Amino acid sequence: RHTHNPLHFFYSIKLQLIFKTFYFTIARSTMSQNQNKPQAHVMATAAAAAAAPGLMQQIGMAGSAAVITVSFIHPIDVVKTRIQVSPEYAALGMGGTVKKVVGTEGVLAMWKGVNAAWLREASYTSLRLGLYEPCKIAFGCTTPENTTFLKKFAAGSAAGALGSIAGNPFDVLKTRMMTAEGKGSPSIMGTAKDLLAHQGVGGFYRGIDSNIMRAMVLNGTKMACYDQTKGYVVQYTGLAKTSLVTQFISAVAAGFFMTCTVSPFDMVRTRLMNQPADAKIYSNAGDCFIKIIKNEGPLTLWRGFLPIWSRFAPTTTIQLVIFEQLRVLMGMKSM
């Protein structure tokens, strides 16, 4: 039968006391050194010590924020798309388009293609938001000193390009479903089968060149402007990065600049994705740009600016604020 040796017990207690004394001595020495360091350095050290978010966590949180947001914003996207593809709706404007769609197709027509939009956000937006920070690190944004606006823009553009490749099929389906007129709401499976039957697999990647360009400009502008504005707000107001006011102001500013840079690419993408299979009007993004400018004037590229802004402003704000709050809930530091 096993018996406890009192001597072993004594040595065990002694070793524990020695270890604890050593631990607290080191801890006290570290605290003493930190008190002598500048406050900014201590804050930077604390920020660096925050748990680094995992890649899948970031993508998952970004996707969740995007799907929640698009459920509320989708009607604005329907109006914007109708205005872009039809001169009739363009002449009616936002209010007239809403009135006509609701009057002739019913209120639920404002949510046509929302299921495709959910799939698009779960693939496209989850990657372009979730991959931003890993891309920043890949571009050398490791300290505040070497984190420039151009590097932020490049990181956002790279994340946007990767996301657009994954989300393009759902983007095509969403665009076709939103522009389908009539009382009935087209199903996502029916739209996909029709597209596959008439255009093959390549139909799901129609407009991929313009979509990648749009995504790079959009996400580069969005994330760089949000990140940069956030720094200015913190610097000049003293508000914390985690403050809802800081996040709101930064997101609104990012939404405006996004609209300015993305509108032409959004117009081209919509035209390419919505052109009929039996009548190829534009051969590629460059051809579409040239023909729009030549036949309709350069300002046509910014047609639908107000509905795009009215969509981008709340989408960007809600999306980024929810994403930031989810990060806080997961114990992660603010972007």
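The values are calculated or read from the model by the stated rules, or taken from the named source; none is laboratory data. The structure displayed is predicted, hence computed values, not measured ones. Neighbour counts run over all protein chains shown; Cβ positions are idealised from the backbone, glycine included. All accessible areas refer to the heavy atoms of the entire protein, side chains included, with ligands and DNA or RNA removed. Shrake-Rupley method; radii C 1.70, N 1.55, O 1.52, S 1.80 Å.
Restricting things to alpha carbons, tell me how big the range 129-175 is in terms of Rg and Dmax, in Å.
13.1, 43
Lys/Arg Cβ at +1, Asp/Glu Cβ at -1, dipole of the range 74-197 taken about the Cα centre: which of M110, A159, L92 is farthest positive-ward?
In the range 74-197, that residue is L92.
Measuring with a 1.4 Å probe in the full set of protein chains, what accessible area per residue, in whole Å², belongs to the range 255-335? Numbers along the way, then the final one.
Values: 3510 Å² over 81 residues.
Value for the range 255-335: 43 Å² per residue.
Can you pull the percent of the range 180-306's accessible area that's carbon plus sulfur, 1.4 Å probe, other chains left in place? Numbers along the way, then the final one.
Details: 4130 of 6100 Å².
Carbon and sulfur together cover 68 percent of it.
May I ask you to give the percent of accessible area on the range 52-143 that is carbon plus sulfur, with a probe radius of 1.4 Å?
Answer for the range 52-143 is 75 percent, counting heavy atoms of protein chains only.
Subtracting the Cα-Cα distance from 0.36 nm times the residue separation, let me have the gained length for E181 to N146 in nm, one decimal.
Details: separation 35, 0.36 × 35 = 12.60 nm, distance 5.12 nm.
The span from E181 to N146 would gain 7.5 nm if fully extended.
Taking 20 °C and 1.002 mPa s as the conditions, I'd like the Stokes-Einstein D for the range 209-280 in µm²/s, using the Kirkwood hydrodynamic radius from alpha carbon pairs. Please report the intermediate quantities before stating the final value.
Working: Rh = 13.6 Å.
It diffuses with D of about 157 µm²/s by this estimate.
How charged is the neighbourhood of D287? Take every other residue with its Cβ under 11 Å from the Cβ of D287, and add Lys/Arg as +1 and Asp/Glu as -1. Walk me through the numbers before you get to the answer.
Numbers: positive: R271, K280, K291, K294; negative: D209.
My count for the surroundings of D287 gives +3.
I want the local charge near W302. Using Cβ-Cβ distances under 13 Å, sum +1 for each Lys or Arg and -1 for each Asp or Glu among the other residues. The partial results should precede the final answer.
Working: positive: K80, R303; negative: D266, E296.
Summing Lys and Arg as +1 and Asp and Glu as -1 gives 0.
Across the range 230-335, what fraction of all alpha-carbon pairs, as a whole percent, falls in each successive 5 Å bin from zero upward?
2, 12, 17, 16, 13, 11, 9, 9, 7, 4, 1, 0
How big is the Rg/Rh ratio for the range 150-227, C-alpha atoms only, Rh by Kirkwood, two decimals?
Values: Rg = 15.2 Å, Rh = 13.7 Å.
Using only Cα positions, Rg/Rh for the range 150-227 is 1.11.
Using the structure shown, list the pairs from K151/K174; K193/K280; K151/K230; K80/K100 with a Cα-Cα distance above 25 Å, or answer none. It would help to have the intermediate numbers written out before the result.
On the way: K151/K174 32 Å; K193/K280 20 Å; K151/K230 16 Å; K80/K100 14 Å.
Check vs 25 Å cut-off fails for K151/K174.
Label-point separation (nm) for V245 and C260, each offset 7 Å from Cα along Cα-to-Cβ?
Each label point lies 7 Å from its Cα, and together they span 2.5 nm.
Taking N as the number of residues in the range 170-300, what is its Cα Rg relative to 2.2 N^0.38 Å?
On the way: Rg = 19.0 Å, N = 131, 2.2 N^0.38 = 14.0 Å.
Relative to the 2.2 N^0.38 Å estimate, the range 170-300 comes out at 1.35.
At a Förster radius of 22 Å, what calculated FRET efficiency corresponds to the Cβ-Cβ distance of A197 and A90, to the nearest 0.05? List each step's numbers first, then the result.
Working: r = 31 Å, r/R0 = 1.40.
With a Förster radius of 22 Å, E is 0.10.
Let's test the formula: R0 of 22 Å, r as the Cβ-Cβ distance of Q235 and I137. What FRET efficiency results, to the nearest 0.05?
Working: r = 23 Å, r/R0 = 1.04.
The pair Q235/I137 has a calculated efficiency of 0.45.
All other residues with a Cβ under 12 Å from the Cβ of A166 taken together, and with Lys, Arg as +1 and Asp, Glu as -1, what is their net charge?
Working: positive: R120, R128; negative: E121, D171.
Local net charge: 0.
With a/c under 1.5 counting as rounded, go ahead and sort the range 102-254 into rounded, prolate or oblate using the C-alpha gyration tensor (a ≥ b ≥ c being the square roots of the eigenvalues; past the cut-off, prolate if a/b is larger than b/c, else oblate).
Numbers: a/c = 3.61, a/b = 1.82, b/c = 1.99.
Note, shape of the range 102-254 comes out oblate.
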